[in-house]
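The values are calculated or read from the model by the stated rules, or taken from the named source; none is laboratory data. If you're wondering where the values come from, they're calculated on a predicted model, not measured in any experiment. Cβ: placed from backbone, ideal geometry, glycine included. Neighbour counts: every protein chain shown. Side chains are part of the model used for accessible areas, which takes the heavy atoms of the whole protein and leaves out ligands, DNA and RNA. Shrake-Rupley method; radii C 1.70, N 1.55, O 1.52, S 1.80 Å.
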Amino acid sequence: MKSIKHHLMFILPLLAILLGIESFMVFGRVTASYGENLKKAYTILVVTRRPMTPEAFRKIDTNIDRVESVEKRSIVEQIAQGMSNASTQEILKSLPQFYTVRLNRYLSNAQIDVIKKHLTRDPNVRRVETFGQAHNANYNLYMLIRAALWMFVGFMVFTSLFLVVKQMEIWQLEHRERMQVMEILGASSVLRSGVLFRIALTDALIAALTTIGVFVFLRYGWVAGSEIDLLVRKQELFFQYKDVFVLFGIALLIVLISVVLVSRNVKEVRDV
Amino acid sequence: MSNVITTNRMTLAYDKGEKEIIRNATFRIKKGEFVFITGPSGSGKSTLLKSFYGQIIPKQGDLVVGGLEMTHVSKKNLQKLRTHLGIIFQDYKLINEWTVAKNIVLPLIIAGYNVDMQQTQAQRLLKHVKLEGKGDMYPLQLSGGEQQRVGVARALSKTPFLILADEPTGNLDEYSSNVIWDLMENACDQLGATVVVVTHRIPTIFNIPYRHFIIENGGIHEVH
Ligand SMILES: Nc1ncnc2c1ncn2[C@@H]1O[C@H](COP(=O)(O)OP(=O)(O)OP(=O)(O)O)[C@@H](O)[C@H]1O
Ligand SMILES: [Mg+2]
């Protein structure tokens, strides 16, 4: 009973840390994916006198990513049906150039206004048409939730680290005697902290596996079974196999640091 | 014959404190010798033994144990020296969450012996110290005298070249004491170990030659 309680006292804070970190990664991926979609959907229409290369656009503002020129020929050919080839050419030449410009990240309306200003300053640019960000409110809400989550996870990790430190103090008392006897009998520090390391490692594995279990369930059980189309389409965001390495890595790191700290503190009382 | 322990004007004190427990001690203990150390309670007998296994560093003077200058010994060398010592502590220093058998073979565990070897050795030693059948018990389930014998068995488990025993029979009756003295004599006589024993009473019947040091008022002198 006592030993189960002792295990839980290390597993639970570790679990809180890992769950927090995994939630944060999931939420980060969801916001990134949402931002990506918004970015893809958003374009600015630019009308120029003479043709312009994408590089020239990017020089005007670094937020500009892909630039596509709008194909005029088919439009003109429709209007110019029955006209001579020469007049068609004439119309084509007199028409300005149209471009759709995409941005490399999701920006607020104010930031887009700045880009618009940059573009209109160029003498070659005749007209810039931007569209208000219909999704802006949504996106702001997302960012707000992310900031709140950041704070929550940060707080949770911080508190949990405190609990881990507390548990280390208990370990220190529990293992002190054995570690000191072993030291007087000439055991290396690796051997001395071996028992503690095994205990901590077991706990870390349990915590990491539980976290993985929870999120695998979320992805394949809850999300896949939910009727929410948006979630079903995005279910791969909920758990990715690389998360396994991140979680095990973090758990192992916490264990290593804890054990090293404990065995350093249980230094032999060398009576000098 | 070579010296196992050499001191030269050695002074021992705790915490760099004013109070010097041992002052200006100069003596040599040769390989294969058996030495008894007696003296009043609090005179510094345990402290002297501690200096031999590097638990306390001389404040002044020199101390050489097994060829190592204990005033400058590296961590690595001290570790190595300790694995070749057989130390019996006045307070036993057993590991209470381990079985008796595991406690006994701790030196073998530290030396990396395999489990088979550990088990055979544990059974042999349990018999030596008359604790057959108690290998699976835990130290706190044993009487004081039995725990003391576990400590003795542990110290002898890896045939040390130097045995440092602090009151190894302090808690034992006549019969058990004789068992321990036999083991010590044997370790010295048959296995060639050097033995330093702190005791308040030298056994009346002792079959091998020995030396006798007395610690008093911080000084050490030998009785001839
Ligand atoms: N860790 C320590 N720190 C400070 N002083 C100590 C420490 N251990 C022992 N002493 C002091 O050193 C002196 C000698 O102690 P030591 O344990 O060597 O005596 P002893 O001869 O073994 O006594 P006993 O026969 O009772 O075991 C005592 O005055 C004791 O108070
Ligand atoms: Mg003593």
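Just checking, which of B:83, B:26 is more than 9 Å from ligand 1 (Cβ to nearest atom), more than 17 Å from residue B:162 (Cβ to Cβ) and modelled with pLDDT of 95 or more? Quick ask: steps written out before the conclusion?
Details: B:83 fails: more than 17 Å from residue B:162 (Cβ to Cβ).
Testing whether each residue is more than 9 Å from ligand 1 (Cβ to nearest atom), more than 17 Å from residue B:162 (Cβ to Cβ) and modelled with pLDDT of 95 or more leaves just B:26.
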Inset, instruction - Would you mind stating whether residue A:214 is at pLDDT below 80 and not in a loop (DSSP other than H, G, I, E, B)? - result: no
Inset, instruction - Being outside any helix (DSSP H, G or I), touching a Ser or Thr at 6+ places or on another chain (Cβ under 7 Å) and open to solvent by 20 Å² or more (accessible area, probe 1.4 Å) narrows it down to one of A:102, A:50, so name that one. - result: A:102
Inset, instruction - Go through the range B:107-131 residue by residue and tally those that are closer than 27 Å to residue B:198 by Cα and open to solvent by 60 Å² or more (accessible area, probe 1.4 Å). - result: 4
Legend entry - Residue ID - nearest to the other protein chains (Cβ to nearest Cβ), chosen from residues in the range A:156-191 that are open to solvent by 10 Å² or more (accessible area, probe 1.4 Å) and hydroxyl-bearing (Ser, Thr, Tyr): A:188
Inset, instruction - Being open to solvent by 40 Å² or more (accessible area, probe 1.4 Å) and away from chain A (no Cβ under 14 Å) is the filter here, so list the residues in the range B:9-32 that pass it. - result: B:9, B:18, B:23, B:24, B:26, B:28, B:30, B:31
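Rundown of residues vs (1) more than 11 Å from chain A (Cβ to nearest Cβ); (2) within 28 Å of residue B:10 (Cβ to Cβ), yes/no style:
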position	(1), (2)
B:89	no, yes
B:126	yes, no
B:133	yes, no
B:146	yes, no
B:156	yes, yes
Inset, instruction - Would you check if residue A:119 is open to solvent by 30 Å² or more (accessible area, probe 1.4 Å), more than 22 Å from the chain's Cα centre (by Cα) and modelled with pLDDT of 85 or more? - result: no
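Within the range B:70-80, take every residue that is touching a strand residue (DSSP E or B) at 6+ places or on another chain (Cβ under 7 Å) and open to solvent by 10 Å² or more (accessible area, probe 1.4 Å) and give me the one that is nearest to residue A:186 (Cα to Cα).
B:77
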Legend entry - Failed criterion for residue A:113 (all others in (1) at pLDDT 80 or above; (2) in the same structural domain as residue A:22 (by TED's automatic domain parsing) hold): (2)
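State the number of residues belonging to the range B:33-49 that are within 16 Å of ligand 1 (Cβ to nearest atom) and surrounded by fewer than 22 Cβ atoms within 10 Å (Cβ to Cβ).
Going through the range B:33-49 one residue at a time, the tally reaches 10.
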